[in-house]
Amino acid sequence: MHGSHWATSPRGSALSVQSLLIFLLVGAIAGWLAGLVVKGRGLGLVGNIVIGILGAFIAGWLLPQLGIYIGGGIVGAILNAMIGAIILLVVVMAVRRA
């Protein structure tokens, strides 16, 4: 799965309500899991959704660059977004400490 193209309609138009809800759910789950992995650095529901969505974009670009491909479907999307969210949380923590 590359990036978050799973959340767009077949014609590439705006997200449907169902796709948007799935996208937000994946972001929330990925952000929450990343917060647990990075020593409880969750940012609340909205923060977790934002971190998860940004993480999906980061991982969607970075992982293929490294030759890493995670399977498709909702589980693959969550894992992909979680990896990106973990990377983002680690960077944010490093910047805050600097």
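Is one or more of the residues making up segment 36-43 over 23 Å from Gln18 (Cα atoms), part of a helix (DSSP H, G or I) and not charged (D, E, K, R)?
yes
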Practice prompt. Could you list, in sequence order, all residues of segment 1-32 that are modelled with pLDDT under 65 and among the aromatic types (Phe, Trp, Tyr)?
Written response: Trp6
Worksheet, complete the sentence: Of the residues in segment 60-78, those that are under 21 Å from Val50 (Cβ atoms) and without any contact (Cβ under 8 Å) to a residue 24 or more places away in the chain number 1
Practice prompt. Would you point out the residue of segment 42-68, among those that are more than 13 Å from Val26 (Cβ to Cβ) and buried (at least 19 other Cβ atoms within 10 Å of the Cβ), that is nearest to the chain's Cα centre (by Cα)?
Written response: Ile58
Worksheet entry | Boolean, Ile29 is touching a helix residue (DSSP H, G or I) at 6+ places or on another chain (Cβ under 8 Å), outside any helix (DSSP H, G or I) and hydrophobic (A, V, I, L, M, F, W, C) | no
Practice prompt. Please give the number of the condition Leu54 fails out of (1) at pLDDT 90 or above; (2) more than 21 Å from Met93 (Cα to Cα); (3) in contact with a helix residue (DSSP H, G or I) (Cβ under 8 Å, 6 or more places away or on another chain).
Written response: (2)
Worksheet item: Quick one: would you say Gly71 is assigned to a helix (DSSP H, G or I) and either surrounded by fewer than 14 Cβ atoms within 10 Å (Cβ to Cβ) or not hydrophobic (A, V, I, L, M, F, W, C) (or both)?
Response: no
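The values are calculated or read from the model by the stated rules, or taken from the named source; none is laboratory data. Just so we're clear, the structure is a prediction, and the values are computed from it rather than from any experiment. Positions of Cβ are generated from backbone atoms using ideal geometry, with glycine treated the same way; all protein chains shown enter the neighbour counts.
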